[in-house]
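The values are calculated or read from the model by the stated rules, or taken from the named source; none is laboratory data. This structure is a prediction, so every number in the text was calculated from the model and none was measured. All Cβ positions, glycine included, derive from the backbone under ideal geometry; neighbour counts span all protein chains shown. In case anyone asks, the SASA skips ligands and DNA or RNA and just uses the protein heavy atoms, side chains included. Shrake-Rupley method; radii C 1.70, N 1.55, O 1.52, S 1.80 Å.
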Amino acid sequence: MLPHHINFCPALCNVPNTIEFAEWIGRTKQKEVRVTGTTKRPVPLEHCLFYSGELYRVCENEIFLTQGLKAAKDAYKKKNSNTARSGPMMHSGSGAGSGGANSHRGRQKHAGARNSGNFNGMGSGNLTSGSQTYMGMRRSESSMWLQLVNKLSKNSLLPVIIFCFSKNRCDRSADSITSMDLTSSSEKSEIRVFCDKAFSRLKGSDRNLPQILRIQSLLRRGIGVHHAGLLPIVKEVIEMLFCRGVIKVLFSTETFAMGVNAPARTVVFDTLRKFDGKEYRQLIPGEYTQMAGRAGRRGLDKFGTVIIMCRDEILEERDLKHVIVGHPTRLESQFRLTYIMIMHLLRVEELKVEDMLKRSFAEFHSQRKLPEKQQLLMLKMAQPKKK
């Protein structure tokens, strides 16, 4: 579609210093680079908080709505106050039970001392308590996802991409809603035929790998998982089925927002914190915009919906504003000249170390001002010297 003299056409949606980047490419490649852009999305976005089974709209058309955040905080306070009222009643009841348990333990104290297996019994009890707590967390997490998906389904907000910043969390979240079935009989047939054809390229033993069988079971229910821990053929199948519209709920890491043209009706953030390899930190506006941009399908949706999950707390207005309507981070060069790089460059006759430095985006501003500095230097040298 492009003319022959245009070699490439990059799209930069999260780079505020686009002009500088384009000028650097033009100077490095000795080509003319033209920049065109728009600040208007083809499909506008609305941003909501999901708390206790309800959606609270906090931003629309890049305008932050404080009343939506206030309603979410009121619901949070109301729920916590109800929990606090019921707490003393439960505590008094448990205290009576605790007294009975203590007296019961008192009666068995001497017998327990004589029993050589008493220590093992205590350990087993602690282990059981820990496993019960873990199972309780799993059940609450499962009910939360079921509540969300049911809400989205009733409001015609499927398909949805749910971004989780952990491969393990993607898998666990998908397994927690296997009781749901989101596909019709015709869609199940389409998924089965497509998977059989795609996985027929694998060898006989590979077709029965646990990952292949598990993914096919999820896909038949309209549930998908996408992360770096999957086989390449599995990721390709999931991407193609999602583009066909038969996958209704997709749990994915942020890699799905990069280089895959697969928009959805809704995007959900499991959390706004991620581990970047060094520490846990909040998402920066550019990362949030990149993933939230998957919401809204051109020609199908009037607007896209972005949902932020809230579990034990409601985010502060300042943090939400910074992530949702904040300015993206400027593009800066990470080029650093090392001793090993210098040694490799000395082996190459066509390229010098000075040339490598000149091509760096870090040296762009200095190189751009070089003609002005040279002209200024010539003027100073032409001036007569004072005796």
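Note on the range 280-302: among residues that are part of a loop (DSSP other than H, G, I, E, B) and open to solvent by less than 40 Å² (accessible area, probe 1.4 Å), the one that is farthest from Thr253 (Cα to Cα) is Asp301. When you scan the range 232-242, do you find a residue that is out of contact with any helix residue (DSSP H, G or I) (no Cβ under 8 Å at 6 or more places or on another chain), over 14 Å from Ala295 (Cβ atoms) and basic (Lys, Arg), even just one? Checked against the condition, which is being out of contact with any helix residue (DSSP H, G or I) (no Cβ under 8 Å at 6 or more places or on another chain), over 14 Å from Ala295 (Cβ atoms) and basic (Lys, Arg), the range 232-242 yields at least one hit. What residue, among those in the range 195-222 that are within 30 Å of Arg298 (Cβ to Cβ), in contact (Cβ under 8 Å) with a residue 12 or more places away in the chain and among the basic types (Lys, Arg), is surrounded by the most Cβ atoms within 10 Å (Cβ to Cβ)? Among those that are within 30 Å of Arg298 (Cβ to Cβ), in contact (Cβ under 8 Å) with a residue 12 or more places away in the chain and among the basic types (Lys, Arg), it is Arg221. Output the qualifying pairs, or none if there are none: Cβ atoms under 6 angstrom, residues six or more apart or on different chains, first residue in the range 146-163 and within 16 Å of Leu241 (Cβ to Cβ), second residue part of a helix (DSSP H, G or I). Listed by first residue and then by second, the contacts come to Leu158/Leu152; Val160/Leu152. Given the condition more than 14 Å from the chain's Cα centre (by Cα), acidic (Asp, Glu) and under 19 Å from Arg169 (Cβ atoms), answer yes or no: does some residue in the range 265-274 qualify? No, the range 265-274 contains no residue that is more than 14 Å from the chain's Cα centre (by Cα), acidic (Asp, Glu) and under 19 Å from Arg169 (Cβ atoms). Given Val225, Val268, which one is of a type in the set (A, V, I, L, M, F, W, C) and under 18 Å from Arg297 (Cα atoms)? Of Val225, Val268, the one residue that is of a type in the set (A, V, I, L, M, F, W, C) and under 18 Å from Arg297 (Cα atoms) is Val268. Being among the basic types (Lys, Arg), open to solvent by 70 Å² or more (accessible area, probe 1.4 Å) and within 28 Å of the chain's Cα centre (by Cα) is a property that Arg34 lacks. A Cβ distance below 7 Å, combined with a sequence gap of six or more or placement on separate chains, defines the contacts here; from the range 6-31, residues that are open to solvent by 70 Å² or more (accessible area, probe 1.4 Å) and assigned to a helix (DSSP H, G or I) reach residues that are at pLDDT 80 or above and hydrophobic (A, V, I, L, M, F, W, C) in the pairs Ile19/Val35.
Residues that are of a type outside the set (Lys, Arg) and over 24 Å from Met144 (Cα atoms) were ranked within the range 303-322; the one that is farthest from the chain's Cα centre (by Cα) is Phe303. Highlighted here are the helices (runs of 4 or more DSSP H) found entirely within the range 315-386 that include at least 3 residues which are closer than 30 Å to Ala292 by Cβ and not β-branched (Val, Ile, Thr): 317-324.
Taking the stated definitions as given, is Val43 among the β-branched types (Val, Ile, Thr), open to solvent by less than 100 Å² (accessible area, probe 1.4 Å) and not in a strand (DSSP E or B)? When the stated conditions are applied, Val43 passes them. How many residues does the range 328-377 contain that are touching a residue at least 60 places away in the same chain (Cβ under 8 Å) and more than 28 Å from Thr18 (Cβ to Cβ)? Here the count works out to 0.
The residue list Thr271, Thr266, Thr305 contains one member that is of a type in the set (S, T, N, Q), in contact with a strand residue (DSSP E or B) (Cβ under 9 Å, 6 or more places away or on another chain) and surrounded by fewer than 18 Cβ atoms within 10 Å (Cβ to Cβ), which is Thr271. Screening the range 162-279 for strands (runs of 3 or more DSSP E) wholly inside it with 2 or more residues that are modelled with pLDDT of 95 or more returns the ranges 223-226, 249-252, 266-269.
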